[in-house]
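The values are calculated or read from the model by the stated rules, or taken from the named source; none is laboratory data. What you are looking at is a predicted structure, and each value in this text was computed from that prediction instead of being measured. Note that we place each Cβ from the backbone using ideal geometry, even for glycine, and neighbour counts take in every protein chain shown. Just the protein is used for accessible areas: all its heavy atoms, side chains included, with ligands, DNA and RNA removed. Shrake-Rupley method; radii C 1.70, N 1.55, O 1.52, S 1.80 Å.
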Amino acid sequence: MQNPEDIRNLPIDITFSRLGEWLVDRKRIPADWRKRLTSIRARISTAFASLPKETDPYFQTLDAEGIGYIETKQIYDILLRSNPESRNIFGRLSGAAGVWEAIVHAFEKDHIYLGEAAQIMVQNVSYEIPYQKKQVQKIQQQLVELERKEADIKRNAALSAAKYAEACQELGLQGNNVRLELIETAKTLPSIFSKFLEVIISDSVLRAMEYYSNFVRDAHTEKDKMPWAVLVNLRDVRENPPCLNVSAGSDFLDSTNAQLSAHGTNKMSEIMDVPADYIDWDISVESSQIDWDIGTVEETDDTGNGLGPYEIVNASEILQNISPTAAVGSDVIKKEEDGLVPEMSASDISWDICVENPQVDAVEDFIFPNKGMESQTSVLDTKTLTPEIKEDRSQLLETEYRNKILDDLFEMKAFLNQRLMELKNEETLSLQHQVQAVAPFVLQQYTPDVIQAMLSDVSLAISLLTNRKTQDLIMILNSKRFLDRLVSTLEEKKHHEAKLKEGLKDLAVKRMELQNSLSSFWPKQEAALAKTRELKKLCENSLSSMFDGRPVNIIGEINTLLSSSI
């Protein structure tokens, strides 16, 4: 049988989630403690509104809804220390200290604060702290995701920049002004064409052409028949090399003419929109200075012939005052009446008619006194120069001309490849020796090494016309649409890098927001844990004093939560 001392040392274990029910069942707190706690909280709200917050900085950190028994005791202790002599004649505290003293007594009466502590611990352990932990974990996961996204964006931006630099380097651009640099780069085509012509005119290509022509004449030409011509286009290039002048195609000229015409139209509309008040017509409207050349008209009575009044005119006076030009005119009229005027053909008539508009000239001189018709001249000059440009442009810029040359080059390359493979094939080597023995001397003098050198030069000529850079430069000069598409492609890569960098700014802003949220959740979580730990200790000490000093342990999930947060 256990003695009372052993029983006194036995601990009392209480599950934290059943603490409120346990206290009610053992009559340690009244059954209506929640109702009484509500009235106490109402008193706290009223007292907190009149609390002198300037007394202590701690008061400014409090919220009326978060004040419980522990906070109430702290407020009471601070007020008691600040005004130790504020007591009435009955020895009780007066003012704010007296109000908070009454609230503390209301909590301690029937141990209502234990019910509140049990309620807050269950709420914190079951809901508040897990929610805050989940939020913190979520924010931390989002920060990790942001770091991963930032690394991906930086890598993609570097890749886009590398692609843009590679594309510009391939075209020989610096990347500052892509359109102008492309047009300037296209002017390097003459050097490429010059190198191509050097290869075509070289002795190696000439020997390859002669080798192929002789082989065709010997192997594919019947007796007493003329051999057909091969490599006609290639021979024409050697005999009549095309010029190396490169210029913009018709698309560029048409667009230039359209822009200049629109510019000239706008200027003319601006001229015609000048108000009439600003034009000096050099006309005086003073009636005293106008000579209307009207003399006195002598009116006579109507003679009854229905012609009305008329002026009596002396014909001799008119003939004396008439001008020589008018006299010539009258002489012509007189001869015409007499039938003496000779007939005139259309070729004898001078149609040199000059239509002038002095008003428009006056307006132009008024607005542009030092400028001529520069815009119109430029448009006309551009249109006039178009045929000349077409004549001066290199034929190598024309697709059809290049294709004809490339057809001959590919034909010759295929032949040389086949011959080289036949000469190097050991299985047919003996047969080749027999064929070579009966072949003409011009076909026997080419060894595999010589054919290999010919093949290299022919392949070089083909690559000079068919490589990507040459094709792009030719298309830049021939098609404005291709130039626009190429510029848009390059600028899209550049803008993609800028867009990714803008995305990095957005990620930086979002990271700042998440870090701010994390910094706000950490103090809340720590405050909830600290308050839960303090309430647990308060309950254990209070219950231990109620049971004659027996140790009381509040067990359950609360211990796991508090131990993991240390």
Search region 478-488 for residues being touching a residue at least 60 places away in the same chain (Cβ under 8 Å) and open to solvent by 20 Å² or more (accessible area, probe 1.4 Å), and hand back the single one that is nearest to the chain's Cα centre (by Cα). Leu486
Looking at Arg28, Arg41, which is the one that is surrounded by 10 or more Cβ atoms within 10 Å (Cβ to Cβ), among the charged types (D, E, K, R) and touching a residue at least 40 places away in the same chain (Cβ under 8 Å)? Arg28
Answer residue from region 242-256, given it is surrounded by fewer than 16 Cβ atoms within 10 Å (Cβ to Cβ) and at pLDDT 80 or above and is nearest to the chain's Cα centre (by Cα) among those: Asn245
List, please: which pairs have Cβ atoms under 7 Å, are six or more places apart or on different chains, and start with a residue in region 448-460 that is under 15 Å from Leu406 (Cα atoms) and end with one that is among the β-branched types (Val, Ile, Thr) and open to solvent by less than 60 Å² (accessible area, probe 1.4 Å)? Asp457/Val199; Asp457/Val205; Val458/Val205; Leu460/Val199
If we keep only residues of region 403-434 that are among the hydrophobic types (A, V, I, L, M, F, W, C) and open to solvent by 70 Å² or more (accessible area, probe 1.4 Å), then the residue modelled with the highest pLDDT is Phe410
Does at least one position in region 81-91 carry a residue that is hydrophobic (A, V, I, L, M, F, W, C) and open to solvent by less than 80 Å² (accessible area, probe 1.4 Å)? no
Any chance Glu502 is open to solvent by 60 Å² or more (accessible area, probe 1.4 Å) and touching a residue at least 12 places away in the same chain (Cβ under 8 Å): no
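If a residue must be part of a helix (DSSP H, G or I), farther than 21 Å from Glu108 by Cα and open to solvent by less than 60 Å² (accessible area, probe 1.4 Å), how many such residues does region 528-566 contain? Give the steps one after another, and end with the answer.
Quick first cut of region 528-566, residues part of a helix (DSSP H, G or I) only: 528-546, 557-564.
If we keep only those that are farther than 21 Å from Glu108 by Cα too, we end up with 528-530, 557-564.
The next check asks that each one be open to solvent by less than 60 Å² (accessible area, probe 1.4 Å); those that pass are 528-530, 558-559, 561-562.
Adding up the residues that qualify gives 7.
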Picked from region 78-106 (must be in contact with a strand residue (DSSP E or B) (Cβ under 8 Å, 6 or more places away or on another chain) and among the small types (Gly, Ala, Ser)), the residue modelled with the lowest pLDDT is Ser86
Looking at (1) at negative phi; (2) free of Cβ contacts under 8 Å to residues at least 40 places away in the same chain, which is the only condition Asn156 fails? (2)
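In region 47-59, what count of residues is obtained for those that are surrounded by 14 or more Cβ atoms within 10 Å (Cβ to Cβ) and at pLDDT below 90?
4
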Based on this model, can you work out whether Leu62 counts as modelled with pLDDT under 90, open to solvent by less than 60 Å² (accessible area, probe 1.4 Å) and within 23 Å of Lys536 (Cβ to Cβ)? yes
Note down all Cβ pairs under 6 Å where the first residue falls in region 169-187 and is open to solvent by 20 Å² or more (accessible area, probe 1.4 Å), the second is part of a loop (DSSP other than H, G, I, E, B) and modelled with pLDDT of 80 or more, and they're at least six residues apart or on different chains. Glu181/Leu173
Quick check: is even one residue across region 192-203 among the charged types (D, E, K, R), open to solvent by 80 Å² or more (accessible area, probe 1.4 Å) and under 18 Å from Leu416 (Cβ atoms)? yes
